[in-house]
1. Quick check: the angle from helix 46-70's long axis to the longest principal axis of the chain, C-alpha only, nearest 10 degrees?
2. Which of SER82, SER31, SER108 moves the most in a Gaussian network model of the chain with Cα springs under 10 Å?
3. Kindly write out, for the range 111-127 in residue order, the coupling ³J(HN,Hα) from the Karplus curve 6.51 cos²θ - 1.76 cosθ + 1.60 (θ = phi - 60°), rounded to whole Hz, with x marking Gly and Pro.
4. Work out the charge dipole of the chain with +1 on the Cβ of Lys and Arg and -1 on the Cβ of Asp and Glu about the Cα centre, then indicate which of LEU59, VAL123, LEU110 is farthest towards its positive end.
5. Counting helices only, and only those DSSP H runs with n ≥ 4, report the 222 nm mean residue ellipticity of the chain as the sum of -39,500 (n - 2.57) divided by its residues, in deg cm²/dmol to the nearest 500.
6. Using only the alpha-carbon atoms, what does the chain span along each of its principal axes? Please give whole angstrom values in decreasing order.
7. Would you mind checking which residues have amide H under 5 Å from VAL81's amide H? H placed 1.01 Å from N; only 5 or more apart, or other chain.
8. Using only the alpha-carbon atoms of the range 83-122 as identical scatterers, what base-10 log of I(q)/I(0) does the Debye formula give at q = 0.19, 0.25 Å⁻¹?
Amino acid sequence: MATLTPAFRADSERIHKEHQILGQLLTRLESALDHLVCYSEVYANLATADDVRRYGRQLAEQFPGHCRREEAALLDPIAEVSPELGKFCKQMRNEHQDLLVRLATFSSALDAFDKAEDLYETVCRLKDVGKELTGDVRRHVETEEHELSGFL
């Protein structure tokens with residue numbers, strides 16, 4: 001099977017390690033979002049706001065490249081193995097596109113946070129968008145890890 005070449009194995013190990021790194025980053029971002037509170041209390045805990053910015057920007061920097069590498073090195077070859085895997089890989093590519101659009105929305109919410117006139121509304125939006133995104137990225141990665149465990 002062409003997918004089981006040494007190069008494929010090295011790529012799949014890299015993707016698995018990236019999933020682990022993403023999981024750690026998502027945990028830190030979720031925790032920072034949980035600790036981000038609205039209005040005057042935000043000023044009392046600027047470290048939490050800085051954590052949300054830092055981890056959110058790290059996710060925005062890392063996730064798009066991860067998706068590209070995963071699609072080229074893992075999903076494209078695996079899609080050829082069987083029709084079922086082909087369908088699953090297509091679903092994962094579609095989820096990547098959706099998650100990347102939502103990541104851009106979260107990045108915009110981060111930018112709005114830096115310029116907020118109505119801090120309460122901005123913090124609430126950032127938390128809502130961020131918590132939904134981190135949960136969905138986590139579920140996506142867990143699904144890939146589970147369904148492709150024989151390849152990772």
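A short reminder: the numbers here are calculations on the coordinates, not readings from a lab. Everything quoted here is computed from the prediction, not taken from an experiment. All Cβ positions, glycine included, derive from the backbone under ideal geometry; neighbour counts span all protein chains shown.
1. That works out to roughly 20 degrees.
2. The residue with the greatest mean-square fluctuation here is SER82.
3. Result, rounded to whole Hz: 5, 5, 4, 5, 10, 5, 8, 9, 4, 4, 4, 5, 5, 4, 5, 4, 5.
4. Towards the positive end, the residue furthest out is LEU59.
5. Mean residue ellipticity, 222 nm, calculated: -28500 deg cm²/dmol.
6. Between the extreme Cα coordinates on each principal axis of the chain lie 60, 22, 20 Å.
7. Distant-sequence amide H within range of VAL81: zero hits.
8. So the normalised log intensities are -0.61, -0.77.
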